[in-house]
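Presented below is the structure to which this report refers.
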Amino acid sequence: MLYFNMPANLPPEYFEVEKRFREARTPQEKVALLEELIATVPKHKGTDKLRAELRRKLSKLRQEAQKRRKSGRGDLYSVEKEGAAQVALVGLPNSGKSALLASLTNARPVVASYPMSTVMPIPGMMPYEDIQFQIVDLPPIGNESTDGWVSGILRVADMLLVVIDLSDAPQIQAELILEQLEKWRISIRRKGEKTLERKTKPLLLVANKSDLDTKEEGLKELAETYGELYPIVAVSAEQKTGLEELKRAIFENSDVIRVYTKEPGEEPDLSMPFVLPAGSTVLDLAEIIHKDFVKNLKYACIWGSSKFPGQRVQREYILHDRDIVELHVR
């Protein structure tokens with residue numbers, strides 16, 4: 001156990017996450033799991049001390065991770081997040097992950113016909129309209145020498161892209177990968193599920209090599225088994241087809257929104273949106289812009305999701321993608 005004299009009414013989920021925390025290797029993974037651990041603790045007087053201890057531990061871990069990055073001693077097997085969200089590529093050997101990374105981003109991974117051409121995490125930035133997503137290529141799963149740190153990156157990532165080779169028993173590939181994710185206790189969200197207290201990750205099945213003659217049979221097989229559970233996008237990384245549909249699917253399943261701001265009497269700045277988690281409020285936006293806005297915020301005017309342009313709303317108003325917000329402070 002991490003802590004002594006713990007409350008007796010902690011849910012079983014707490015101890016599951018705590019076990020994963022103790023097994024974590026990288027500072028980035030530890031921070032993510034400790035955040036998840038805090039979310040599992042019920043909020044009442046009996047858990048105040050435990051929550052305070054966990055938050056102190058989290059603060060210390062974040063400081064340590066920051067020092068490692070500044071000193072250049074960062075873990076080789078971790079990737080600092082950039083962009084709107086971090087999206088990890090998951091797949092078996094020769095599924096085409098590296099070719100997909102090269103097609104989506106400015107990264108230049110080794111693209112080869114032999115297995116295990118990727119031996120380190122390789123990030124690249126994928127533009128989508130006015131924002132960017134970080135795509136991270138990883139070694140294929142099923143290799144004992146890399147699975148430890150690969151699973152760590154997958155736990156930290158915001159979204160997973162499971163890359164399936166349509167020409168080689170796609171249903172079995174998907175089954176093997178999903179079973180491995182379950183063994184690693186990585187919680188995947190299915191279609192229609194909402195994010196509850198326990199954090200779940202969105203997952204897309206990327207049906208690669210759709211340019212081959214066997215694509216129809218493979219795609220049908222994949223859709224019949226998993227089509228009702230997860231979104232499926234057919235692409236050809238080599239021919240660069242289906243990529244725009246994939247980019248759109250990544251954004252639509254990423255749990256982020258874009259929000260623009262404007263000064264009273266001025267036109268909005270549509271070139272640099274704020275990227276917020278879906279479900280964020282006007283107050284959340286104000287906190288990101290400046291900490292003093294939180295205590296001085298009176299109200300906001302909204303263009304976009306509001307009932308009429310420039311509608312006056314309170315700080316608890318939930319924002320939507322492409323909303324334009326005008327903050328009014330004291």
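Among the numbered conditions (1) assigned to a loop (DSSP other than H, G, I, E, B); (2) modelled with pLDDT of 85 or more; (3) open to solvent by 70 Å² or more (accessible area, probe 1.4 Å); (4) not aliphatic (A, V, I, L, M), tell me where Phe4 comes up short.
Only one criterion is unmet by Phe4, namely (2).
For residues in the stretch 168-187 being touching a helix residue (DSSP H, G or I) at 6+ places or on another chain (Cβ under 7 Å) and open to solvent by 30 Å² or more (accessible area, probe 1.4 Å), which is nearest to Val233 (Cα to Cα)?
Only one residue fits best here, namely Gln171.
So which pairs qualify, if the first residue must be in the stretch 162-181 and within 14 Å of Val150 (Cβ to Cβ), the second must be at pLDDT below 95 and surrounded by fewer than 16 Cβ atoms within 10 Å (Cβ to Cβ), the Cβ gap must be under 8 Å, and the two must be at least 6 apart or on different chains?
Gln180/Gly142
Would you confirm, using the coordinates I've provided, whether Lys215 is over 26 Å from Ser151 (Cα atoms) and either open to solvent by 100 Å² or more (accessible area, probe 1.4 Å) or modelled with pLDDT under 90 (or both)?
Yes: the conditions hold for Lys215.
How about the stretch 187-212: which of its residues are closer than 23 Å to Asn94 by Cα and either at pLDDT below 90 or charged (D, E, K, R) (or both)?
Result: Lys209, Ser210, Asp211, Leu212.
I'd like the full set of residues that are out of contact with any helix residue (DSSP H, G or I) (no Cβ under 8 Å at 6 or more places or on another chain) and assigned to a loop (DSSP other than H, G, I, E, B), limited to the stretch 144-167.
Of everything in the stretch 144-167, those that are out of contact with any helix residue (DSSP H, G or I) (no Cβ under 8 Å at 6 or more places or on another chain) and assigned to a loop (DSSP other than H, G, I, E, B) turn out to be Ala157, Asp158.
Here's a check for you: in the stretch 255-295, which residue that is charged (D, E, K, R), free of Cβ contacts under 8 Å to residues at least 40 places away in the same chain and assigned to a loop (DSSP other than H, G, I, E, B) is nearest to Asp158 (Cα to Cα)?
The residue in question is Asp269.
Looking at Ala65, is it more than 22 Å from the chain's Cα centre (by Cα), at pLDDT below 85 and not polar (S, T, N, Q)? First the steps, then the outcome.
Numbers: more than 22 Å from the chain's Cα centre (by Cα): no; at pLDDT below 85: yes; not polar (S, T, N, Q): yes.
In short, no.
For Lys30, only one of the following conditions fails: (1) modelled with pLDDT of 75 or more; (2) of a type in the set (D, E, K, R); (3) over 20 Å from the mean Cα position of the chain (by Cα). What is its number?
Condition (3) is where Lys30 drops out.
Of these, Lys240, Lys307, Lys291, Lys298, which one is at positive phi, open to solvent by 80 Å² or more (accessible area, probe 1.4 Å) and at pLDDT below 95? Spell out how you get there, then give the answer.
Values: Lys307 fails: at positive phi; Lys291 fails: at positive phi; Lys298 fails: at positive phi.
Step by step, each of Lys240, Lys307, Lys291, Lys298 is checked, and only Lys240 is at positive phi, open to solvent by 80 Å² or more (accessible area, probe 1.4 Å) and at pLDDT below 95.
Going residue by residue through the stretch 313-321, is there one that turns out to be in a loop (DSSP other than H, G, I, E, B), in contact (Cβ under 8 Å) with a residue 60 or more places away in the chain and among the hydrophobic types (A, V, I, L, M, F, W, C)?
From the stretch 313-321, those in a loop (DSSP other than H, G, I, E, B) are 314-317, 319-321; that's our starting set.
Next, only the ones that are in contact (Cβ under 8 Å) with a residue 60 or more places away in the chain stay: 319-321.
Filter once more, keeping what is among the hydrophobic types (A, V, I, L, M, F, W, C): 319.
Checking the stretch 313-321: at least one residue is in a loop (DSSP other than H, G, I, E, B), in contact (Cβ under 8 Å) with a residue 60 or more places away in the chain and among the hydrophobic types (A, V, I, L, M, F, W, C).
Residue under question is Lys45, and the condition is that it be modelled with pLDDT of 80 or more and open to solvent by 30 Å² or more (accessible area, probe 1.4 Å); does it hold? Before you say what the answer is, go through the steps one by one.
On the way: modelled with pLDDT of 80 or more: no; open to solvent by 30 Å² or more (accessible area, probe 1.4 Å): yes.
For Lys45, the condition - modelled with pLDDT of 80 or more and open to solvent by 30 Å² or more (accessible area, probe 1.4 Å) - is not met.
Among the residues of the stretch 224-254, count how many are touching a helix residue (DSSP H, G or I) at 6+ places or on another chain (Cβ under 7 Å) and either in a loop (DSSP other than H, G, I, E, B) or within 30 Å of Leu327 (Cβ to Cβ) (or both).
The qualifying residues number 5.
The values are calculated or read from the model by the stated rules, or taken from the named source; none is laboratory data. Note that this is a predicted model, so its numbers are computed, not measured. Here Cβ is always computed from backbone atoms with ideal geometry, including for glycine, and neighbour counts include all displayed protein chains. Keep in mind that these areas ignore ligands, DNA and RNA; they rest on the heavy atoms of the full protein, side chains included. Shrake-Rupley method; radii C 1.70, N 1.55, O 1.52, S 1.80 Å.
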